[in-house]
Every structure is written in structure tokens, then in C-alpha cells.
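Colleague: What follows is a structure written as C-alpha cells; I'll ask about it next.
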Amino acid sequence: MSGIKGIGETKQYDGSKLRVGIVHARWNTKIIDALLEGAKKKLAEAGVPESNIEIQTVPGSYELPYAVQQMYACSQAQASSANSTLLSSATDLLSSSTTDLSLKDKEGSGSTAANKPFDAIIAIGVLIKGSTMHFEYISDAVSHALMKLQLDIGIPVVFGLLTLLTEEQGLERAGLVSGSKYHNHGEDWGAAAVELGVKRRGWQ
Ligand code: DLZ
């Protein structure tokens, strides 16, 4: 039985030019692993090359906002250093009397994943309520920080944080309970990263 919840019918977006980061917490691994697989499946279906996907891990959900911020900053630094290498190769090529076509073939297209920052980052974590206020503080802090981050850095940060009352709720939302009305939410997050990553290049 299919549930009424979910992202509904989506257009198939071409993700072949996107660079996508995924960072996930390691708490509640069984649920996390299934969500991660769901996200990767949707990225692959949209044509995002495996080499354009970078996966990092952090201990717990509280670490997710900092990790997203640092991953994006590193991808920007990598991009500017790759682009300055390209520029100096091109300058050498132009000033050389012999035309080195092999260098041009290797680096001329300028379309490698390393020379552009991430188009989207998916942050995945699973928080399960315990007997103290810990859950409320982390859920609130991480949700607000991820929202603020995407507006500050200007790329979509997909909200892959499950805030659960029980482990069973997580198993359902990771698609691990057969016959459940729920599906794997990681798939929605992969699809959202592609759609927003494509749209940020120009809203049609
Ligand atoms: C400490 C803690 C607890 C109790 N529960 C969870 C959880 O359900 N899910 C999760 O992702 N992380 C949990 N953590 C760890 C915190 O997120 C964080 O890693 C530590 O407080 C260290 O900053």
C-alpha cells in the first residue's frame, strides 16, 4: 500500500553535471545505512556520476551543521586551486611555441568534479528521543543551523534528519518494515538534492 506522504510526482532531472556532498551521522547505523543507500540510489538514477559524490561521516547529528559548512568551504578551496592550475596550464600552453595537445586533451574541457564546489549537500542523521531533554535541544539546534547554513552559503542543504519517538519509526521511514505505508525517505532526499541542484543553476 502506498502512503499519501512523500514528494509526489517529480520530473526526471538531469544530474549528470552535479557535484553532490553527503554527510551522515553514525548514531543508529542500521537506519542511517538504509537512508544513505536510498539517497545514493536516486542520485544514480538521475545520472550523478559516482565520482561526483563525496560522502563524509560524523559521530552524531549535532556535528552535521559544522560538517556541511566545512565540506562546502573545502570544495570551494579545491575548486579555486584546480581552476588556477588550469589557468596556468592554459597560459603555459599559449606562451609555448610548440602546441602540447596531450595537455589540452587532459585538462582542456575543464569539466572535472574537483573544479567546482558542491551543487547540493545532503545532511543525514537519526535522532531518537530518550528520557532527558537532549533530543529536543539537538533536534532544534540542528534543524535551525541547517536552514541558516543553506541560506548563508547559497546552496541547497537537504534536511535528512529524522527526529523520532521510537526506533520503529526510523525503521519504517528507512523502508525497512515490509508492508509499511512508509517508504525510504533517503530516496526523497536524493531526489531533492538533484532537483534543487539543477534549479539553482536557473529557475525555469
Ligand atoms: C549523545 C547523543 C544521543 C544521546 N543520541 C543521539 C541520537 O539519537 N542520534 C544522534 O545522531 N546523535 C546522538 N547523540 C550524539 C550527539 O549528536 C553528538 O554527537 C554528541 O553530543 C557530541 O557532540
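Colleague: Reachable aspartates and glutamates from Lys181, Cα under 14 Å, same-chain residues fewer than 8 places away excluded?
Modeller: The qualifying aspartates and glutamates are Glu168, Glu172.
Colleague: In addition: Which pairs break 23 Å Cα to Cα here: Lys11/Lys41; Lys41/Lys148; Lys42/Lys116; Lys30/Lys116? Don't skip to the answer; put the middle values down first.
Modeller: Details: Lys11/Lys41 16 Å; Lys41/Lys148 27 Å; Lys42/Lys116 21 Å; Lys30/Lys116 32 Å.
Violating the 23 Å limit, Cα to Cα: Lys41/Lys148; Lys30/Lys116.
Colleague: Using a cut-off of under 12 Å, list every residue of the range 3-22 whose amide N is near the label point 7 Å from the Cα of Lys41 along the Cα-to-beta-carbon line.
Modeller: In the range 3-22, the label zone of Lys41 (backbone N under 12 Å from the point 7 Å along Cα→Cβ) covers no residue.
Colleague: Estimate the FRET efficiency between His134 and Val177 by the formula 1/(1 + (r/R0)^6), using the beta-carbon distance for r and 45 Å for R0, to the nearest 0.05. Intermediate results must be reported in sequence, preceding the final value.
Modeller: On the way: r = 26 Å, r/R0 = 0.57.
Efficiency, from the Cβ-Cβ distance: 0.95.
Colleague: Give, as a single signed number, the net charge of other residues whose beta carbon lies under 11 Å from the beta carbon of Pro65, with Lys and Arg counted +1 and Asp and Glu -1.
Modeller: Working: positive: Lys148; negative: Glu63, Asp152.
Net of charged neighbours comes to -1.
Colleague: Starting from 0 in steps of 5 Å, tell me what percent of the Cα-Cα pairs of the chain lands in each bin.
Modeller: Pair shares across the bins are 1, 7, 14, 17, 17, 14, 10, 7, 5, 3, 2, 1, 1, 0, 0.
Colleague: Could you give the size of the charge dipole of the chain about its Cα centre, using +1 on the Cβ of each K and R and -1 on the Cβ of each D and E, expressed in debye and rounded to the nearest 20?
Modeller: On the way: 19 positive and 22 negative charges, 54 e Å.
The dipole magnitude comes to about 260 debye.
Colleague: Distance from the Cα centre of the range 44-60 to that of the range 2-40, in angstrom?
Modeller: 10 Å
Colleague: Are there chymotrypsin sites (Phe, Trp or Tyr not before Pro) in the range 150-204 that DSSP puts in a loop and that have at most 11 other Cβ atoms within 10 Å, and which ones?
Modeller: Working: sites: Phe159, Tyr182, Trp189, Trp203; in loops: Tyr182, Trp203.
Counting only loop positions with at most 11 other Cβ atoms within 10 Å, the chymotrypsin sites (Phe, Trp or Tyr not before Pro) in the range 150-204 are Trp203.
FYI, it's all coordinate maths here, none of it is from the lab. None of these values were measured; they are calculated from a predicted model. When we count neighbours, we look across all protein chains shown, and the Cβ atoms used for this are built from the backbone with ideal geometry, even at glycine.
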